1. Residues of segment 114-155 with the amide nitrogen closer than 17 Å to a label point 7 Å from the Cα of Ala92, along Cα-to-Cβ, please.
2. Restrict the search to segment 104-155; then list the trypsin sites (Lys or Arg not before Pro) that DSSP places in a loop and that have at most 13 other Cβ atoms within 10 Å of their Cβ.
3. Can you give me the relative contact order of segment 83-149 as a percent, contacts being Cα pairs under 8 Å and 6 or more apart?
4. Just list whichever of Lys85/Lys133; Lys98/Lys133; Lys86/Lys145 have alpha carbons separated by over 32 Å in the model shown.
5. Add +1 for every Lys or Arg and -1 for every Asp or Glu among the other residues with Cβ under 14 Å from the Cβ of Ile131, and state the total.
Amino acid sequence: MQLNKRKVDNIARHARARHPGVRRHTGSSFRIQILCCLAAGIALAAITAPAQQQAPNPCKPIILPEANRPPDANDQMAMRDQKSKKDSYAAANTERRKQIADDSAKLVKLATDLKAEVDKTSKDTLSLNVIRKADEIERLAHNVKEKMKLTVGPG
């Protein structure tokens, strides 16, 4: 028996050396603490159990009926107006993009024509037609730039 007690003491000493903060609970105070925790858990479960047992009334809807009601005439009119505005904005933006593409093609054509006319003229003189085409190119380029900045939409 002496050998077993020596082994147990040796194991306990090594355990205390490794984990100095851990103590072995051997008294009745540990049992009292465990019983108090158990009693507190049971009391808490008893308090919350009646609240959990009450099931929602199946006759009462979870979602209020106002949330699922169909739109009335005013709401339908507002939705139609909103959709028509959205469609008109989309149509206006599509038209704007088409105008930009057409003006860009016209700009390329005018620039090519201007280059051909400038190549035909002499080095020191420019015709009145060349100056007019240059002004038209400048005006058209400015319009294309402004249309690119513009986006039609709400707000």
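1. From segment 114-155, the list is 146-155.
2. Lys123
3. Answer for segment 83-149 is 43 percent.
4. Lys85/Lys133
5. Cβ neighbours under 14 Å give a net charge of -2.
Throughout, read-outs are computed from the coordinates displayed, never taken from laboratory work. Treat the numbers as computed from the prediction; the structure is a model and nothing was measured. Counting neighbours? That spans all protein chains shown, and the Cβs are built from the backbone with ideal geometry, glycine included.
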